[in-house]
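Notes follow once the structure below has been shown.
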Amino acid sequence: AQSVTQLGSHVSVSEGALVLLRCNYSSSVPPYLFWYVQYPNQGLQLLLKYTTGATLVKGINGFEAEFKKSETSFHLTKPSAHMSDAAEYFCAVTKYNNNDMRFGAGTRLTVKP
Amino acid sequence: DAGVTQSPTHLIKTRGQQVTLRCSPISGHKSVSWYQQVLGQGPQFIFQYYEKEERGRGNFPDRFSARQFPNYSSELNVNALLLGDSALYLCASSPSATGESQPQHFGDGTRLSIL
């Protein structure tokens, strides 16, 4: 069975500071990994994905994540936080042969001026 | 191009009632999945439909059912509503049924409140 654990339900950073949101996964087969962002009263927007190939993945809005198989991690980073980055972030995992996507509990990012 | 559209956006029901939620996928997408997101939690997988057939089911009771129509739109039905069914219901579409076709594109959801 696949699962995702997001470490830290709340993360607070200052504007301009590094953003690091942690995600560890469990999967019996090579995983497909995703980060989604959710703004209040909206659906989920894809930030980036890892399926195969390069382990460092770049996404929208300056975010990137690195797939580390040895650490079963897929942490999300952004060098410099912006006020507009304040939102809920979800890490998710699925398998190549289905669309049953398993989400973490989410991390709420707060950006202080 | 239109994204995934869901209707209605908000719904209020009372315990024991039945509800139908609707989803129109992105044009050309044949797979539709439904998720339940309880406040403060991540989305949980309910169903996946592809080419009008159920391809996956999450750990939800039989009160939850769904179907997909020839135009690939979908409905989620919930019978005998309970207070615990209050949640944001998200629909996602993708071109096919497998992970290779990711990512899934999500609608803005239907917020269901049970009184």
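The table that follows gives values for the structure above.
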| quantity | calculated |
| --- | --- |
| Those residues of the stretch A:64-110 which are aromatic (Phe, Trp, Tyr) and either open to solvent by less than 10 Å² (accessible area, probe 1.4 Å) or farther than 13 Å from A:Tyr25 by Cβ (or both), in sequence order | A:Phe74, A:Tyr89, A:Phe90, A:Tyr96 |
| Within the stretch A:8-58, considering residues that are of a type in the set (A, V, I, L, M, F, W, C) and away from chain B (no Cβ under 14 Å), the one most open to solvent (accessible area, probe 1.4 Å) | A:Leu18 |
| Those strands (runs of 3 or more DSSP E) lying entirely in chain A with at least 2 residues among the aliphatic types (A, V, I, L, M) | A:3-7, A:10-14, A:19-26, A:32-38, A:44-50, A:56-58, A:87-94, A:107-112 |
| Enumeration of residues in the stretch B:23-60 that are in contact (Cβ under 8 Å) with a residue 60 or more places away in the chain and open to solvent by 50 Å² or more (accessible area, probe 1.4 Å) | B:Gly28, B:Lys30 |
| Test: B:Ala92 is among the aliphatic types (A, V, I, L, M), modelled with pLDDT under 95 and not in a strand (DSSP E or B) | no |
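The values are calculated or read from the model by the stated rules, or taken from the named source; none is laboratory data. Remember, predicted model here, so these are calculated numbers, not experimental data. Here Cβ is always computed from backbone atoms with ideal geometry, including for glycine, and neighbour counts include all displayed protein chains. Keep in mind that these areas ignore ligands, DNA and RNA; they rest on the heavy atoms of the full protein, side chains included. Shrake-Rupley method; radii C 1.70, N 1.55, O 1.52, S 1.80 Å.
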